[in-house]
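Derivation of every value follows stated rules applied to the coordinates shown; laboratory data play no part. Quick caveat, the model's predicted, so the values are computed rather than measured. Here Cβ is always computed from backbone atoms with ideal geometry, including for glycine, and neighbour counts include all displayed protein chains.
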Amino acid sequence: MYVPEHFRETRIEVLQRLLEQYPLALLVAMTPSGLTANHIPLLAQLSSAGGGILRGHVARANSLWRDVQSDAPVLAVFTGADSYISPRLYPSKREHGKVVPTWNYATVHVSGTIRFIDDVAWLRTLVESLTDVHEAGRPDRWRVSDAPADYIEGMLRAIVGLEIKVTAVVGKFKGSQNRSAADRAAVAAQLRAAGRSAAAVAELAPQ
């Protein structure tokens with residue numbers, strides 16, 4: 001990924017937060033028939049040293065776990081908030097007109113090596129963890145134990161777990177850092193006024 005230095009984000013706590021807020025990753029891998037990409041929610045635990053672990057699962061019917069060998073390199077792409085930025089938002093447009101459209105966004109690319117896990121006990125722990133994370137905060141939260149035990153056993157047999165050992169993490173938070181302070185402030189104000197999704201983009205760069 002091309003990352004100009006003023007857009008590079010290296011703080012592990014910031015990268016971890018994006019992975020938690022936007023857990024649906026695009027998992028890219030090479031197979032004998034070429035590149036494949038799957039959208040998979042992943043539990044992420046990054047370490048301060050730049051390593052860590054990603055965990056998730058795929059349907060047993062998905063050939064990924066058969067086509068990709070253990071310890072093969074993979075790339076997980078996490079995409080955060082994004083928004084189109086019109087040149088009309090910049091005060092500098094009125095000064096000199098030397099402005100063009102752009103797109104502000106946050107993304108984290110996590111590289112690593114993958115292994116697949118076909119173990120019911122491991123899968124149950126993973127599924128319970130995923131459920132607890134994504135049901136947290138709901139007043140009527142659902143738990144795995146709410147479903148019939150034999151039904152859950154059957155569902156667990158229909159999936160295969162995956163674990164990715166992280167080897168590199170690259171964060172790009174493009175939030176108009178290359179613009180003047182006045183331009184950044186104007187963009188942030190307009191994005192916050194536009195609503196919750198756009199407002200998240202306003203937080204990508206310090207004012």
* Asked: What FRET efficiency comes out for the pair SER48/ARG115, r = Cβ-Cβ distance, R0 = 22 Å, nearest 0.05?
  -> 0.40
* Can you give the extra length, in nm with one decimal, that the chain gains between ALA147 and ARG60 once fully stretched, where that is 0.36 nm per residue apart less the Cα-Cα distance? -> 29.3 nm
* Asked: Which helices count as membrane-span-like in the chain under these terms: full DSSP H, at least 27 Å along the axis by C-alpha, Kyte-Doolittle mean of -1.0 or more?
  -> none
* Within the chain, longest stretch free of exposed trypsin sites (Lys or Arg not before Pro) [DSSP loop, at most 14 other beta carbons within 10 Å] -> 144-207
* Structure fact -> Residue separation between LEU35 and SER70 times 0.36 nm, minus their alpha-carbon distance, gives in nm 11.0 nm
* Structure fact -> The alpha-carbon center of the range 83-111 and that of the range 147-198 are separated, in whole Å, by 20 Å
* To do: Name the residues whose placed amide hydrogens come within less than 5 Å of the amide hydrogen of ASN178, ignoring near sequence neighbours (fewer than 5 apart) on the same chain.
  => none
* Per the helix-only calculation at 222 nm, which mean residue ellipticity applies to the chain, given -39500 (n - 2.57) for every DSSP H run of n ≥ 4 and division by its residues, nearest 500 deg cm²/dmol? -> -9000 deg cm²/dmol
* Structure fact -> For the pair GLN21 and ARG192, the simple spin-label estimate (label points 7 Å beyond Cα toward Cβ) gives in nm 1.5 nm
* Structure fact -> Simple spin-label estimate for GLN177/THR79, 7 Å along Cα→Cβ, in nm, reads 2.1 nm
